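Below is one structure, written out as C-alpha cells; the observations come after it.
The values are calculated or read from the model by the stated rules, or taken from the named source; none is laboratory data. From a predicted model like this one, the values you see are computed outputs, not experimental measurements. Neighbour counts run over all protein chains shown; Cβ positions are idealised from the backbone, glycine included. When the accessible area is computed, the model is the full protein with side chains, heavy atoms only, and any ligands, DNA or RNA have been set aside. Shrake-Rupley method; radii C 1.70, N 1.55, O 1.52, S 1.80 Å.
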Amino acid sequence: MTDLAVNRLDYLAARLHGRRSRLAEASRLDDLCRLPNLTDLGRAVYPAAEFDSAAAFQRRLAQDLVDEIDGFRPHLEGAGAELVDWLRVRFQVENLKVLLRDFLREPASAAGQAHLLALSKDLALDAAALRAAESLERFAAGLPPGTLRRSVVWAVDTFGVGLRPFFLEAALDRGYFQELRRRTDRLAEPDRDLIDPIVAQEIEAFYLLLAVRGRFLHGLAVERVLPLALGGAEMSADRFGALLSAEDVTAAARLAVGRAVDGLPAVLESGEAAVAISGLEALASRRYWRLCNRAFRGSHMGLGAVVGYVGLRRVEVANWVMLSEGLRLGEGTERLCARLIPCQQPEAGHV
C-alpha cells in the first residue's frame, strides 16, 4: 500500500471514529425507542425532513447508507478497496431481489419500484429491460456479467425454471458470500484477523436461517435445499446437511452456537417456527454487532475500522427500520426495546 493510500485510509478511519460517536446506540437508542409515533422518530433522525410513511423513512435510511459507503472508495486501494466495493454489491443484490419478485408475479408488475435504491453507475440495473424479459433465462441474460448473473443461471439450472423466489434469492446470497469470502481471504494481516470473523459469522448466520426457513417455514425436503451449500469450511455439505436435518429450530440453533450465534437463552422461546426463527435472527445480529464493534475498536486506523463501521451502521439502520415498523403497528415500548441490537438483556447461555 502506498504512503498516499495509508494517509487516505488514516483520514477515513479518523472520520469514522467521529461518526461512530454519533451512532444511535446505548442511551440514544433507548430514547428513540420511547418515541410515541413515526413522525417523532423521523424528526429525531432527520430533523429537516418529513415522511409520509414508514416505507419512505426506511428507504431514506438505506439510501443514506449506500451513499455513505460510496464515499469511502476514494480513500482505499488494493485488496481493501476490492472488499469494500463488494460490500456495496449487497445493495445491488437487494435491488435484484425486488426486481425478481416483480418479474415472478402473475402478471408481472412494477410494484417494487418504490423500494429500489439509487446505485452508482457500476451497480445500476436496467429495471425496465429486466421486467420486460420474456423468460427467466432472458432475465438472467440481461444482468451484468459476473457473480449475480452466474448465480441466477446456476439456480435455474439446479432447481428448474419454475422455481420459487426462495431459491433464487438464496442463490444470489450464496454467490455474494462466495465472492465476499474470496476477497476477504486476499487481505493481509492484521486486517484479515479482524475482518474474517465478521465474514465467517455472516455466512454461518445466512446458512442457519436458510436451513430453518427452508425446512420449517417452507417445508422443503433436505435434498431440495442441500445444493445451496457454499463448499469448504463455510459451508460444507455435511455441516449444512446437519442443519437441514435438525428436528426443530432449537436443535438447528444448537449446532450454530459459537459460529452464527454466541449462545442460546436458557429457555429458547417455543411456539410457532416463525417466532423462533425471528429470535434466531436477533441472536445472529447481536453476534454480528459484537464482532463489528471488536473490529472497529481493534483496528483504530486500519481497514478493520472501515468494515466494522459498515457493519455497525447496518445494525443501526436495521434498528431504525424495526422501530419504524413497530411504531406503525402500535407495538409497546418494552417489546420494541427488547428487540433492538444491542439490547439490554441478560447474556445468552449455552444449552
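Taking each residue of region 113-129 that is crowded, with 17+ Cβ neighbours inside 10 Å and looking for partners that are assigned to a loop (DSSP other than H, G, I, E, B) with beta-carbon atoms closer than 7 Å, six or more apart or interchain, yields Ala127/Leu116.
Of the helices (runs of 4 or more DSSP H) lying entirely inside region 231-341, those carrying at least 1 residues that are touching a residue at least 40 places away in the same chain (Cβ under 8 Å), farther than 30 Å from Gly18 by Cβ and of a type outside the set (Val, Ile, Thr) are 249-255, 273-299, 303-329. Scanning region 138-153 for residues that are assigned to a helix (DSSP H, G or I) and open to solvent by less than 50 Å² (accessible area, probe 1.4 Å) gives Phe139, Ala140, Thr147, Leu148, Ser151, Val152.
All told, Val156 falls short of being in a helix (DSSP H, G or I) and at pLDDT 95 or above.
Selection of region 62-110 for residues being part of a loop (DSSP other than H, G, I, E, B) and surrounded by 19 or more Cβ atoms within 10 Å (Cβ to Cβ) yields Phe72, Leu76.
Is it the case that Ser135 is loosely packed, with under 13 Cβ neighbours inside 10 Å and of a type in the set (Ser, Thr, Tyr)? For Ser135, the condition - loosely packed, with under 13 Cβ neighbours inside 10 Å and of a type in the set (Ser, Thr, Tyr) - is met.
The residues on offer are Leu16, Leu32, and the sole one that is within 13 Å of Ser324 (Cβ to Cβ) and either under 22 Å from the mean Cα position of the chain (by Cα) or open to solvent by less than 40 Å² (accessible area, probe 1.4 Å) (or both) is Leu32. Taking the conditions (1) closer than 21 Å to Gly330 by Cα; (2) open to solvent by less than 40 Å² (accessible area, probe 1.4 Å) in turn, Glu50 satisfies each one other than (2).
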